[in-house]
1. Can you name the condition, by its number, that residue 67 falls short on among (1) touching a residue at least 12 places away in the same chain (Cβ under 8 Å); (2) under 29 Å from residue 131 (Cα atoms)?
2. Being part of a strand (DSSP E or B) and either closer than 14 Å to residue 52 by Cα or out of contact with any Gly (no Cβ under 8 Å at 6 or more places or on another chain) (or both) is the filter here; which residues of the range 87-131 pass it?
3. Looking only at the range 71-82, which residues are touching a residue at least 40 places away in the same chain (Cβ under 8 Å) and either open to solvent by 50 Å² or more (accessible area, probe 1.4 Å) or over 23 Å from residue 119 (Cα atoms) (or both)?
4. Please specify each residue of the range 49-70 satisfying the condition of being touching a Ser or Thr at 6+ places or on another chain (Cβ under 8 Å) and over 23 Å from residue 117 (Cα atoms).
5. Among the strands (runs of 3 or more DSSP E) contained in the range 1-54, which hold 3 or more residues that are within 18 Å of residue 121 (Cβ to Cβ)?
6. So which residues in the range 10-43 are touching a helix residue (DSSP H, G or I) at 6+ places or on another chain (Cβ under 7 Å) and either closer than 23 Å to residue 81 by Cβ or open to solvent by less than 20 Å² (accessible area, probe 1.4 Å) (or both)?
7. Among the hydroxyl-bearing types (Ser, Thr, Tyr), in a loop (DSSP other than H, G, I, E, B) and open to solvent by 20 Å² or more (accessible area, probe 1.4 Å): is that true of residue 68 in this structure?
8. Please go through the range 93-104 and pick out each residue that is open to solvent by less than 40 Å² (accessible area, probe 1.4 Å) and either of a type outside the set (D, E, K, R) or under 16 Å from residue 2 (Cα atoms) (or both).
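The values are calculated or read from the model by the stated rules, or taken from the named source; none is laboratory data. Quantities reported herein were computed from a predicted structural model and do not represent experimental measurements. Because the Cβ atoms are built from the backbone with ideal geometry, glycine has one as well, and the counts that use them run over all protein chains shown. With ligands, DNA and RNA removed, areas are computed over all heavy atoms of the protein, side chains included. Shrake-Rupley method; radii C 1.70, N 1.55, O 1.52, S 1.80 Å.
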Amino acid sequence: QVPLVESGGGLVQPGGSLRLSCAASGSNLDHYAIYWFRQAPGKEREGVSCITSTGGSYIPPTVYYSDSVKGRFTVSRDYTKNTIFLQQNSLSPDDTAVYYCATDSLTGCRFPTGSANLKYWGQGTQVTVSS
């Protein structure tokens with residue numbers, strides 16, 4: 001079991017920024033590749049990003065992004081807080097969705113991948129971009 005909890009969503013104006021968090025209690029998130037997905041109303045769940053595990057080494061993780069967010073979103077790990085961050089900049093109404101973090105408990109990323117391949121999910125956090 002990898003209990004994931006997202007936070008940080010909210011209402012933001014177009015062009016604004018948010019930072020989402022994905023945390024877990026009782027599990028070291030650095031053991032796993034962590035994915036971010038989003039789901040807008042009436043649309044399928046879409047993969048946004050994936051960050052690999054470092055396996056406890058000093059080698060920086062590799063991060064993958066979908067074309068729709070590349071250059072605007074940044075994913076990072078905070079090892080002291082056991083948290084993954086999704087920094088969202090230059091937000092547009094098209095980014096409005098529920099955002100989820102997830103893992104298949106493997107160390108590497110298979111990105112892009114379908115949501116059915118991920119075993120553990122958080123409950124999601126709502127991001128609404130509107131003026």
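1. Just one mismatch for residue 67, condition (1).
2. Going through the range 87-131, the residues part of a strand (DSSP E or B) turn out to be 87-88, 97-103, 120-121, 125-129.
87, 88, 97, 101, 102, 103, 120, 121 - these are the residues of the range 87-131 that are part of a strand (DSSP E or B) and either closer than 14 Å to residue 52 by Cα or out of contact with any Gly (no Cβ under 8 Å at 6 or more places or on another chain) (or both).
3. Listed by number, the residues that qualify are 79, 81.
4. Across the range 49-70, the qualifying residue is only 60.
5. Numbers: elements: 4-7, 10-12, 18-24, 34-39, 46-51.
The qualifying strands (runs of 3 or more DSSP E) are 4-7, 18-24, 34-39, 46-51.
6. Going residue by residue through the range 10-43, those that are touching a helix residue (DSSP H, G or I) at 6+ places or on another chain (Cβ under 7 Å) are 14, 37.
Result: 37, single match.
7. Working: among the hydroxyl-bearing types (Ser, Thr, Tyr): yes; in a loop (DSSP other than H, G, I, E, B): yes; open to solvent by 20 Å² or more (accessible area, probe 1.4 Å): yes.
Here the answer is yes, as residue 68 does meet what is asked.
8. Here is the first cut: in the range 93-104, the residues open to solvent by less than 40 Å² (accessible area, probe 1.4 Å) are 95-104.
Listed by number, the residues that qualify are 96, 97, 98, 99, 100, 101, 102, 103, 104.
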